[in-house]
Structure formats: structure tokens, C-alpha cells
Amino acid sequence: MNLHAIKAIYLFEMARTWRTLLQSVVSPVISTALYFIVFGSAIGGHMAPIDGVEYGAFIVPGLIMLTLLTQSISNASFGIYFPRFIGTIYEVLSAPISYVEIVIGYVGAAATKSMMLGLIILATSTFFVNVRVDHPVWMLGFLVLTAVTFSLFGFIIGIWADNFEKLQMIPLLVVTPLTFLGGSFYSIDMLPPFWRSVTLFNPVVYLVSGFRWSFFGVSDVHIAVSLGMTLVFLAACLVAVWWIFKTGYRLKS
Amino acid sequence: MQPILRVENLSKVYEGGFTALRDVNLELRQGEIFALLGPNGAGKTTLISIICGLVNPSAGKVEVAGHDIIADYRAARAQIGLVPQELKTDSFETVWATVSFSRGLFGKKRNDAHIERVLKELSLWDKKDNKIMTLSGGMKRRVLIAKALSHEPRVLFLDEPTAGVDVELRRDMWRLVRQLREDGVTIILTTHYLEEAEEMADRIGVIRKGDLMLVEEKTALMRQFGQKRLTIHLNAPLSAIPAALGGHGLALGADGRDLVLSYATGAGEAPVSNVLRGLAMAGIAYNDLETHQSSLEDIFVELMREHA
Ligand SMILES: Nc1ncnc2c1ncn2[C@@H]1O[C@H](COP(=O)(O)OP(=O)(O)OP(=O)(O)O)[C@@H](O)[C@H]1O
Ligand SMILES: [Mg+2]
């Protein structure tokens, strides 16, 4: 293991985070606060508790998931796309470092940043609503698993994209809709049976459901199913990354 | 002695079918300066990129210090420093941070004293806390050299290091290259300034359309392909070369006031003394002599024309 190299990449990427700390932290905090004001207080006041959980608190896990997914993808995709774009990637590719180490460095940094944001949002939410975390270990487990999985997914997008439009496209066209339709703001039990079945094809449902279970002990699908689906997606991303490096796809001619 | 770099039957066909390298063979000795010459698009950067792991070879193999660049890529790449042809730098990082990053990336333990030495040698020390984007192009080039030297490589690739570089930096750079060679570093450089290669290189390789058509000691190359020209300025013009001076291969130039003799560099002094003796016997007076030795540039142009 070239630990010096992993550390170099990780710290380099984290330095980017610290440099842009204000914008990386402030904007998600503000948008989350807005969600709480609009959904939690204004609309939530007219909503009945779901599964015995106040609506304002009910949406907290979903909001954290939303941030976790979008931030993981955008951090990781940008982190690898940018050096490709400006050409500095040559140095990483010519270094005595394995693909696994490259991925640990970039994906680790992206996941760290999005987990930090997730926890900041959790902290912010306590100013607005009463949240409790019934299963803190599971909560952290899902946090790490989701951040890592979607940072890997972002890494893949960052390698696949050959222009800035493509870089934005997947998060905008796929991930955001899936998250909003994935039960972040409601229980999928509230949907008519047909739409409920359709929703079960949305992977985000399983993430949100499992994550919410770690908070309140209530879930749309069984926790084991949530965990299983997340691991399947993680495995799919790992296979894709392995293939990318094996073939040199978009990295080497 | 084991060569520091061994390239065997290396070929590269880019996606789309373009053949950039054709069966290239090359062995470099440790501590030599090797200049790779060739026109635009000849395949110089492709060759360097394959050795450094940036481009996949289509056929053949490469070893650096005995380590295969694919099977044993860690050991092979740890030996190599690369200064790419194009300026590719970060923008927001400081000089110090980016150079330290390179050292870590190549698996070396932090060593501030070494980084300091490198930055000082490249006159970057007073810029170490500056963001890279605030530097001039020449300074950025120095940063790239510093990055390549940050991990103490044994083989250094300089792909057109002097393109767009001022006289002073060029002189600094060559001083550094000589010093590195004394420390046992092998240097492979490409350049379009042939007088640079002529001055610096121990050996010269000429590549054209993917063929490494010639690899030769510089001195031998100059001797073998070099031409000398003797020009004799006459006191009185001649209308034709006198019969007594026939057979020397002389030509008449400059309104009959000059006699010009061309001969191979390796021919020794015989042609010159023969002609001068002939002039004396024919009673032709002259007031000046001038010799010109062809440069690497002349040789290069000649080679390219021969193989066109
Ligand atoms: N990624 C690529 N895909 C297809 N063809 C390529 C690629 N990179 C280089 N080539 C082609 O391979 C040939 C050799 O290119 P290379 O960059 O090695 O030349 P070079 O000798 O370094 O030239 P220069 O002196 O201009 O730097 C060129 O014809 C170039 O167009
Ligand atoms: Mg080139």
C-alpha cells in the first residue's frame, strides 16, 4: 500500500474543501433551514404525525439523505473530473499508485465532506424540531455506507463525463428526482398501491427508509432489505470502477 | 551493466488505427543525457507517455531499472520523474503544497529539506507560498520541474522543457540537468532546438513517423554525418577552376573570388593540405581561409530529407 500517496490525495482534496468551507457548509445549511421552515413549520403544522413521528422530525432523515446523495456525487465527480479537465491527472496516472489507492483517496475525501455536511444538517435540525436517534450505530453506518457508495457513483460520473453538462446531467436529471420521489418528505405508505409498487424500483426509497428507521424505528421497508439494496448498489459501483481502471476507460489512450 | 531503460519492440496504434510508434527498440545507460529529436507528430510524447504509464502500449515491453512498467509498475514508476510538454498545473494550491503533494504521491516520506533544496535550485524559493495561478508561464514550468524532482527520480523525462522559456531559465535548466547527471540521474529530453541537443546530449535519437531511425553517440554522429567546408578568399577572381586544381572537388563561388571545398568531418586534414599545396603550385594567391563545420541542425535536416 502506498499510504503516502493515499494521504497526499486525501489531504489535497480536503484542502479544496477547507478553501471553500464557507460555501460548502453555508449553502446546504441555509437550504435545509428553508426546508424546515417551509415543510416542517408552515406545511408540517397541518400534517398529522406519520407513524407517530411529528412531520417536522419525520423529514430530517430524508433531508440528510438528500444532502448526502447530492453532495457525495458532486464532490466526487468534480474531484476527479477537474484534474482530467485541466490535465493535472497525468501526475496521478504516472505515480506508483494502484487504482484502489486512487479511489480510496478521492472517494474517501468526497465521502468525508458529505458526511460532515450530513452531521451539520442533523445538528441544524435540532434548532427547529425534536429529533431523536434510536439506533445511533446504524445511523452512522448508513451515513458512511451511503456517502461512500454515492461518492463512488460520483467518481464514475466524473470519469465518464467529457464536458460540464454531462457532469451536471446525472445529478440533476436522475438523482434529484429519485430523491424527491423516494419518500424523503412522506411515507410511501401514503401513496396509492400502484404508485407504491412503482416507487419500490427507486433505490433511494431503501436508503431513506433504512436511514429513517435508525432514527425513529419506523420504516417503509424492512431494514435488512434497505441494507441489502444499498450493498447491491455499492457492489455495482465497485464493479464499474474496477472495469474503468482495468480498461483505462477515458483515462488512458 | 544493466540498462536503466530498456524498450523492446514497442508499438503503439491509437484508437482509430493511427500508428504512432513502430517497433521501437532503445536502451539507455544510467547517467546519460539522451536527446530524442523528431518533427512534430513523430511520436516523441507517445514514447514518453508509454514509459510513464500514461498511454497503453499496443505491443512490446518496457523496463525501467529492470522493472517491467506493467507487471511491476510500482517499482518502475517510482524511478521516474516526468515534466510534460504542456503546462498542466493546479491553480489555487501554493507552490510548496503542490510540490509536496507530488512527493507524497510517489510514495516518499515527507522531507522538507529536499523540497527546499529543489525549490531553491529552481529559484522558486521566494515563491513557495504563492498560488500557482499567480505565476508566469516560465515559473509554472519551473514548478513542473520541481514536482518531477520532488521524489528524487533516477530517470527524468523532459518533454520540450525549453519551449517558451527565456534565456536565463534555459541556462538554469541546463545547469541543473548537468548536475543531475553527475548525481547519476538519466535524462531523456526532447527539443526542437537542435543546438541545445548538440550542446547537452551524450546520445541522440532521431524519430520520424513512429520509427526510431537512428540512435548514435553525439560525437560519432557529428563525425559520421558532419560536413566541413573550407572557403578560400582569392586575391584575384578566377573565371574557371584551373586544370591544375581539378580532382579536388572544388567549387567556385562569389564572382570567382572564392574557392569552396566540401569534405567529410572524418576525412582528416588531407583534403585541405592537398588543395593548399595545389594553390601554391598553380601560383594562386589568397588572403583568407574560413572553415565551417555543419551543426546537428544541418545533419538533422539532411537526415529528414534523405528519408522523406
Ligand atoms: N490520444 C491520441 N489519439 C490518437 N492519435 C494520437 C493521440 N495522441 C497522439 N496522437 C498522434 O500520434 C502522433 C504522435 O504524437 P506525439 O504527440 O507522440 O508526437 P510528438 O513527436 O510528441 O510531436 P510534437 O513535437 O508536436 O510534440 C501524432 O500524429 C498524433 O496526432
Ligand atoms: Mg510531443
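Couple of notes before you dig in:
- For segment B:129-140, the criterion of a residue being part of a helix (DSSP H, G or I), modelled with pLDDT of 95 or more, within 14 Å of chain A (Cβ to nearest Cβ) and touching a His at 6+ places or on another chain (Cβ under 7 Å) is satisfied by no position.
- Single condition B:GLY53 does not satisfy, out of (1) within 12 Å of ligand 1 (Cβ to nearest atom); (2) in contact (Cβ under 8 Å) with a residue 24 or more places away in the chain; (3) facing another protein chain (nearest Cβ under 10 Å); (4) over 21 Å from the mean Cα position of the chain (by Cα): (1)
- Among residues of segment B:87-106 being at pLDDT 95 or above and not in a helix (DSSP H, G or I), the one that is nearest to the other protein chains (Cβ to nearest Cβ) is B:PHE106.
- Looking only at segment B:73-86, and only at residues there that are more than 7 Å from every other protein chain (Cβ to nearest Cβ) and in a loop (DSSP other than H, G, I, E, B), the one that is farthest from B:THR191 (Cα to Cα): B:GLN79
- Residue match in segment B:222-238 (condition: charged (D, E, K, R), within 21 Å of B:MET200 (Cα to Cα) and open to solvent by less than 70 Å² (accessible area, probe 1.4 Å)): no
- Scanning segment B:27-39 for residues that are of a type outside the set (A, V, I, L, M) and more than 16 Å from ligand 2 (Cβ to nearest atom) yields a count of 5.
- Selection over segment B:151-167 of residues that are within 12 Å of ligand 2 (Cβ to nearest atom) and either under 11 Å from the mean Cα position of the chain (by Cα) or at pLDDT 95 or above (or both) gives a count of 5.
- Being open to solvent by 20 Å² or more (accessible area, probe 1.4 Å), more than 14 Å from every other protein chain (Cβ to nearest Cβ), of a type in the set (D, E, K, R) and free of Cβ contacts under 8 Å to residues at least 40 places away in the same chain is not true of B:LYS109.
- Annotation: of all residues in segment B:185-203 being farther than 14 Å from B:ASP298 by Cα and within 16 Å of ligand 1 (Cβ to nearest atom), the one that is nearest to the other protein chains (Cβ to nearest Cβ) is B:ILE188.
- Qualifying residue in segment A:180-189 (condition: open to solvent by 20 Å² or more (accessible area, probe 1.4 Å), away from ligand 1 (no atom under 16 Å from the Cβ), among the small types (Gly, Ala, Ser) and away from chain B (no Cβ under 14 Å)): no
- Restricting the search to strands (runs of 3 or more DSSP E) fully inside segment B:1-65 and requiring at least 3 residues that are surrounded by 22 or more Cβ atoms within 10 Å (Cβ to Cβ) and polar (S, T, N, Q) gives an empty result.
- All positions within segment B:280-308 that are within 19 Å of B:LYS228 (Cα to Cα) and more than 23 Å from the chain's Cα centre (by Cα): B:ASP288, B:LEU289, B:GLU290, B:THR291
- Residue in segment B:159-173 that is open to solvent by 10 Å² or more (accessible area, probe 1.4 Å) and touching a strand residue (DSSP E or B) at 6+ places or on another chain (Cβ under 6 Å) present: yes
- Some residue of segment B:143-162 being aromatic (Phe, Trp, Tyr), in contact (Cβ under 8 Å) with a residue 12 or more places away in the chain and within 9 Å of chain A (Cβ to nearest Cβ): no
- Taken over segment B:277-303, the criterion of being in contact (Cβ under 8 Å) with a residue 40 or more places away in the chain, part of a helix (DSSP H, G or I) and open to solvent by 30 Å² or more (accessible area, probe 1.4 Å) is satisfied by B:ALA282, B:GLU297, B:ASP298, B:PHE300, B:GLU302.
- Residue in segment B:137-147 that is surrounded by fewer than 22 Cβ atoms within 10 Å (Cβ to Cβ) and on the phi > 0 side of the Ramachandran plot present: no
- Per-region count, segment A:16-42, residues open to solvent by less than 40 Å² (accessible area, probe 1.4 Å) and within 21 Å of B:PHE92 (Cα to Cα): 3
- Put simply, of B:ALA42, B:ALA59 the only residue that is more than 14 Å from every other protein chain (Cβ to nearest Cβ) and within 16 Å of ligand 2 (Cβ to nearest atom) is B:ALA42.
- Some residue of segment B:174-195 being more than 14 Å from ligand 2 (Cβ to nearest atom), part of a strand (DSSP E or B) and among the acidic types (Asp, Glu): no
- Top-ranked residue in segment B:62-88 [being in contact with an Asp or Glu (Cβ under 7 Å, 6 or more places away or on another chain) and of a type outside the set (A, V, I, L, M, F, W, C); ranked as nearest to ligand 2 (Cβ to nearest atom)]: B:GLN85
The values are calculated or read from the model by the stated rules, or taken from the named source; none is laboratory data. Quick caveat: nothing in here was measured; it's all calculated off a predicted structure. Using ideal geometry, Cβ is built from the backbone for each residue, glycine included, and neighbour counts are taken over all protein chains shown. Remember, those area values only see protein heavy atoms, side chains included, never the ligands or the DNA or RNA. Shrake-Rupley method; radii C 1.70, N 1.55, O 1.52, S 1.80 Å.
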